[in-house]
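Shown next, in structure tokens, is the structure this report addresses.
The values are calculated or read from the model by the stated rules, or taken from the named source; none is laboratory data. Just so you know, these numbers come straight off a predicted model, no measurement behind them. Cβ coordinates were reconstructed from backbone atoms using ideal geometry, including for glycine residues, and neighbour counts include every protein chain displayed. Just so you know, the surface numbers come from the protein's heavy atoms only, side chains and all, with ligands and any DNA or RNA stripped out. Shrake-Rupley method; radii C 1.70, N 1.55, O 1.52, S 1.80 Å.
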Amino acid sequence: QTKDDTAQHRRLAAETVVLLAALLNHSMIDKSQDSLALLEDYEKRFADQPPMLGGVWRERVIAMTRLGRLAEASQAAERCLAADPEEAGPVLDQLAEAMRAAIDRALDEGDHDTAGKIARDAVKTGTLLLEWSSRRPQRVSAAGRLSIRLRLASSMLHAGQAKEALAVYEECRRVAATMPAEAAPQTEITLGRAECLLATGDPAAALPLF
């Protein structure tokens, strides 16, 4: 067996591991815990296959998201973005959406502490995603970027960053003004601005918006 053969076998083995991890993460298989186990110590086992690290981190974030391990997924998101800057965006978007759903559930249950904790992680993920999408206008539509901004603003508000959230909502309002009326989520923007104004101690400005 030649050196080239060995290198090819190693590359195929690494690709197989990542493809199997992706299959285990698929909604029809729903074995994300097994996916994470398969990728454990990947960097040691395949130290000679760095090109596959982007796929490894994507599948790790997807698995953690599907398992509800959102804090871990948020930490891993930065590694995912560094390892695979071009393809990390959709994975971050899935994570950000899962975080928003988790925040909503916590608020529905009256658990504001948990909602705030998740929201603080969501701000980090949302900021990364907004930067990613802003640098790739060909990958994300104007409506998509507006949705990302709105989700980030909501996370900021629930994380106790009402002033910063208000600034993002105002940016959303400016962007929405350039879009067709039926495509602009005016109600969500207006209510978000109102909540921020209340949280920053300006009820006189907030009440007309409700």
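Listing for the model above:
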| quantity | calculated |
| --- | --- |
| Where GluC sites (Glu not before Pro) fall in DSSP loop in region 1-50, at most 15 other Cβ within 10 Å | 40 |
| Total lysine pairs under 29 Å (Cα atoms) in the chain, excluding pairs fewer than 8 apart on one chain | 7 |
| Region 1-53, accessible area per residue, ligands and nucleic acids excluded (1.4 Å, Å²) | 69 Å² |
| For region 90-210, accessible area per residue (1.4 Å probe, heavy atoms of protein chains only), Å² | 52 Å² |
| About the Cα centre, charge dipole magnitude for region 54-210 (Lys/Arg +1, Asp/Glu -1 at Cβ), debye | 360 debye |
| By average C-beta atoms within 10 angstrom, highest first, the peptides 155-164, 135-144, 28-37 | 155-164, 28-37, 135-144 |
| Principal-axis tilt of helix 70-83 within the chain, Cα atoms, nearest 10 degrees | 60 degrees |
| Carbon and sulfur %, accessible surface of the chain computed with the full protein complex present, 1.4 Å | 53 percent |
| Cα convex hull of region 125-186, projected area averaged across orientations, nm² | 4.1 nm² |
| Estimated translational D of region 14-96 in µm²/s (Stokes, Kirkwood radius over Cα pairs; 37 °C; 0.692 mPa s) | 265 µm²/s |
| Distance in nm between pseudo-label sites at residue 177 and residue 135 (7 Å out along the Cβ direction from Cα) | 3.0 nm |
| Principal-axis tilt of helix 3-25 within the chain, Cα atoms, nearest 10 degrees | 40 degrees |
| Farthest toward positive dipole pole in the chain [+1 Lys/Arg, -1 Asp/Glu at C-beta], among 9, 110, 24 | 9 |
| Rounded to 10°, Cα long-axis angle of helix 142-158 versus longest principal axis of the chain | 70 degrees |
| Unit charges at the beta carbon, dipole of region 58-210: most positive-side option, 74, 201, 178 | 178 |
| By average C-beta atoms within 10 angstrom, highest first, the peptides 80-93, 182-195, 119-132 | 119-132, 80-93, 182-195 |
| Kirkwood Rh, Cα atoms: Rg over Rh of region 86-172 | 0.98 |
| In sequence order, calculated HN-Hα J values of region 53-64 (Karplus, 6.51, -1.76, 1.60; Hz; x Gly/Pro) | 5, x, x, 4, 5, 4, 5, 5, 5, 4, 4, 4 |
| Cα radius of gyration and Dmax for region 12-153 (Å) | 15.6, 50 |
